[in-house]
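Asks: Let me begin by handing over the structure; questions about it come next.
Quick note: the coordinates plus some simple rules give every number you see, no bench work behind them. Worth saying up front: this structure is predicted, and the values here are computed from it rather than measured. Cβ placement follows ideal geometry from the backbone for every residue including glycine, while neighbour counts extend to all protein chains displayed.
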Amino acid sequence: MRKLSLLTLLTFLFTNLLIAQIQFNSENIIVTKSDLEKNTFEQDTTANAVILYEFGNAYIDKRTFELVFEYKKKVKILNREGFKHSNISLRLYNSDRNKEKINNIKGSTTNLVNGQIKRTNLEPSQIFEDKIDENNTYIKFTLPDIKEGSVITYTYELRTPFIYKYQPWYFQEDLPKLYSEYITSIPGNYDYHIKLVGDLELKTHDMTLDKYCIKVSNGGSAHCTVAKYVMTNIPAFREESYMRAASNYISRIEYELKTINRFDGVVENITKSWETADKELKTNQNFGKQLKKESLVKKLIPEEEILKQNSTLDKAKLIYDFVKNNYTWNNKHRIFKDISIKDVIDDKSGNTAEINLLLYNLLKSNNLKVNPVLLSTRDHGLVTKLFPVISEFNYLILKLEIEGKSYFLDATDKDLVFGQIPFKCLNDYGREIDFNNGSKWIDLEPQTKSSIIQKSEITINDDYTFNATINITSLGFKALDIKKEFNKNNQKFIDYYTQAFPDFTFDNIDVLIDEDTLKVNEIITFSGPVNTIGNKVFFDPFIFKNFTENPLKLQERSYPVDFGYKDMYTNRIKIFFSDNFVVNDISKENTKQLPQSSALSIFKSKKESGIVEFYFKANFYEKSYHHFYYKELKSFFDNLVDLQSNSILVLEKKG
């Protein structure tokens, strides 16, 4: 019996050793037996499929001067959830007489059946064309005979006359990738901005020169720069809490054509300068022309109301409140289309640009120094600073200057206060448009602090009940969130407490909102039973918790954890009890700190006769944390959840 157990153990160890030695082939598109036999991916156990190999090659056709893009891909399907990755959709763009074409589509599915390799090829009849509109068509196909453990491969050639963006390359997708290689050949007479996006590093970045790669009939020629980019062991990109637009972070290479030096000697400038862009914006009917509508707004606010104000700041606040309270945003972010100050005045409703440019004209007509600011919202992606790309902007706010101090204004949101912009606008920077002095980049930082401060006074009674008063003060964006929720449905807001804590009796729930500073005070008075075992009371000091679940759940993350603003949570808790109780147990003190002192949590307790005090503080000193610190930040959140979920005060009743 003992020998059999030893033999079984040796067999088990040998089998696992063999499995560990089986490796995927990530060197080329050829499907090997190892690719079929290995059905796990230890680096990411949540993956339903893994890209084993990917290759792209882009170059300019010597005869047609079209951009040619050749593509190869090999994917291992790990389980049934990965079957969807056998559905392929390739987009083609058409414009007037120019159109993209895809040729030479080939694909296959390879399975291991009874130890034998079986390959099933994609048939031409299984490839479909789906025309979405006059400009967009999709070529679609599904690789056949998909099973758990299948390996799919497909290749194709794309030909396109649209060379302004060259052919971008995405190293990162929603699947992990073992190997990704991209080769480009760009003639010297094409000058591109080339941008590597994301924080992942290239394993290979080689550059060589291919002389006389392009020759034309008039004797002209060009050398080509041949670039080779390689990344390996690329983690899947998965979205999670506290992130901006995925386009900011997905690792890829992007191109933007600056100039073309044609073989006849003509130089064609494709990318504009900001000086040129400013001139175009100034004459734009939907933008520059709408900045000169002071005659339409002069009588909107009675002059005597303006003259009553004691200061320039009071005058600006009056004008801001007038626009915010009398004109309604229609939930459209248009800034260069369908903009009319006259229409927003008549309709009392308008898009982002209309409402904020109405505010601009009112401020300007009252001799205040104000400029529009173009920006891209957090979910829209960062705007490139290298050159003007006006289409990358999707929002407009104002920058007002009074006595050397700047105020950002947005009148589209009735819950905002003077000097505050929506959370969605906290996207690092915007472009201040000043036609007199030239436009410039400016930082968009929160102008108010954000925090939640709880002060609790709790009395544990001899009859095993408690009475409590908790004062919750919220500031900045924390207060804005509460104000929005309360104003949307104040009864529902109050009902939350009674529904979330059915064992408590709520005597009073007051919500006080300071409209000038955007401070929200909640004063909650309530009572209820305490948990007991025998003559012992087990009391959770964190009744209303800030941290109930860790928002960070990924194994690894390749992009920053971005809160948008610096944040602080404070709890001061006093628990009173009579001489009939003694403290039996109390949670230990706990202090945690992130590297470089970028975040700090403190938990302390103090006991005296008839009173126990708890102090909790979580301070995030940075608005954004690099993904290098993801594991530490994840652990930091685990600790916060643990502190607020498992802290305890145990009182024992005498006698």
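Asks: Could you calculate, for segment 385-522, the ratio of the Cα radius of gyration to the Kirkwood radius, expressed as Rg to Rh?
Replies: Reported Rg/Rh, Kirkwood definition of Rh: 1.15.
Asks: Same structure, new question: Using only C-alpha positions, report the orientation-averaged shadow area of the convex hull of segment 290-391, nm², one decimal.
Replies: 7.5 nm²
Asks: Please list, in order along segment 90-95, the HN-Hα scalar couplings obtained from phi with the Karplus expression 6.51 cos²θ - 1.76 cosθ + 1.60 (θ = phi - 60°), rounded to whole Hz, x for Gly and Pro.
Replies: Once rounded to whole Hz, the list reads 10, 8, 10, 10, 10, 9.
Asks: Fewest to most neighbouring Cβ within 10 Å: what's the order for 281, 600?
Replies: 600, 281
Asks: What is the order of 185, 406, fewest Cβ neighbours within 10 Å to most?
Replies: Fewest to most other Cβ atoms nearby, the residues stand as 406, 185.
Asks: Per-residue HN-Hα couplings for segment 416-422, Karplus 6.51 cos²θ - 1.76 cosθ + 1.60 at θ = phi - 60°, whole Hz, x for Gly and Pro?
Replies: So the J values, rounded to whole Hz, are 6, 10, 3, x, 10, 10, x.
Asks: Which stretch or stretches of segment 521-536 have amide N atoms under 20 Å from the point lying 7 Å from residue 490's Cα along the Cα→Cβ direction?
Replies: What the label zone holds, given the 20 Å backbone N cut-off, is 521-526.
Asks: Let me ask something additional. Using Cα positions and a limit of under 20 Å, work out the aspartates and glutamates in reach of residue 99, with same-chain residues fewer than 8 apart set aside.
Replies: Of all the aspartates and glutamates, those that pass the test against residue 99 - Cα under 20 Å, at least 8 places apart if same chain - are 61, 66, 70, 129, 130, 133, 134, 157, 256.
Asks: OK, next. What is the pair-distance distribution P(r) of segment 23-269, computed from all Cα-Cα distances in 5 Å bins starting at 0, with each bin given as a whole percent?
Replies: Cα pair-distance distribution for segment 23-269, in percent: 1, 6, 12, 15, 17, 16, 13, 10, 6, 3, 1, 1, 0, 0.
Asks: Further, regarding this structure: Over all directions, what mean area does the Cα convex hull of segment 104-205 project, stated in square nanometres?
Replies: 10.1 nm²
Asks: Further, regarding this structure: Count the net charge of all other residues whose Cβ sits under 13 Å from the Cβ of residue 255, scoring Lys and Arg as +1 and Asp and Glu as -1.
Replies: Residues near residue 255 contribute +1 overall.
Asks: So, one more: Can you give the FRET efficiency for residue 283 and residue 245, using 1/(1 + (r/R0)^6), R0 = 30 Å, r = Cβ-Cβ distance, to the nearest 0.05?
Replies: 0.45
Asks: Let me ask you something else. Which one of 619, 394, 117 is farthest out on the positive end of the charge dipole of the chain, using unit charges on Cβ (Lys, Arg +1; Asp, Glu -1) and the Cα centre as origin?
Replies: 117
Asks: Can you quote the Å³ per residue value for the convex hull of the Cα atoms in the chain, rounded to an integer?
Replies: About 248 Å³ per residue, rounded to a whole number.
Asks: Given a cut-off of 29 Å, name the pairs among 33/106; 484/566; 488/631 whose C-alpha atoms lie farther apart than that in the structure shown.
Replies: Check vs 29 Å cut-off fails for 488/631.
Asks: How big is the Rg/Rh ratio for segment 40-94, C-alpha atoms only, Rh by Kirkwood, two decimals?
Replies: Over the Cα atoms of segment 40-94, Rg/Rh equals 1.15.
Asks: Work out how far the C-alpha atoms of segment 38-131 reach from end to end along every principal axis, then list the three figures in whole Å, largest first.
Replies: Extents along the principal axes, in whole Å: 50, 31, 25.
Asks: Run down the lysines and flag those whose C-alpha is under 23 Å from the C-alpha of residue 293, throwing out any fewer than 8 positions away in its chain.
Replies: Output for residue 293: 279, 282, 315, 317, 324, 332, 337, 342, 348, 364, 369, 399.
Asks: Could you calculate the FRET efficiency of residue 386 with residue 343 from 1/(1 + (r/R0)^6), where r is the beta carbon distance between them and R0 is 51 Å, rounded to 0.05?
Replies: The value I calculate is 0.90.
Asks: Using the Karplus curve 6.51 cos²θ - 1.76 cosθ + 1.60 with θ = phi - 60°, what ³J(HN,Hα) values do you get for each residue of segment 462-472, in whole Hz, with x for Gly and Pro?
Replies: Computed from phi, the couplings for segment 462-472 are 5, 8, 6, 10, 9, 10, 9, 10, 10, 10, 10 Hz.
Asks: Tell me what the chain gives for mean residue ellipticity at 222 nm when only DSSP H runs of n ≥ 4 count, each as -39,500 (n - 2.57), the sum divided by the residue total, rounded to 500 deg cm²/dmol.
Replies: One gets -5500 deg cm²/dmol as the mean residue ellipticity at 222 nm.
Asks: Let me ask you something else. Please report, in Å, the Rg and the Dmax of segment 136-274, where both are computed over Cα atoms only.
Replies: Looking at segment 136-274, its Cα Rg and Dmax stand at 18.7, 58 Å.
Asks: Let me ask you something else. Please enumerate, by chain and number, the lysines with C-alpha under 21 Å from the C-alpha of residue 211, excluding those fewer than 8 residues away in the same chain.
Replies: In chain and number order, the partners are 62, 228.
Asks: Contour minus end-to-end for residue 330 and residue 114, with contour as 0.36 nm per residue of separation and end-to-end as the Cα-Cα distance?
Replies: The residue 330-residue 114 span can extend by a further 71.5 nm.
Asks: Next question. Per residue, how much space in cubic angstrom lies within the convex hull of the C-alpha atoms of segment 450-653?
Replies: With only Cα atoms used, segment 450-653 gives 135 Å³ per residue.
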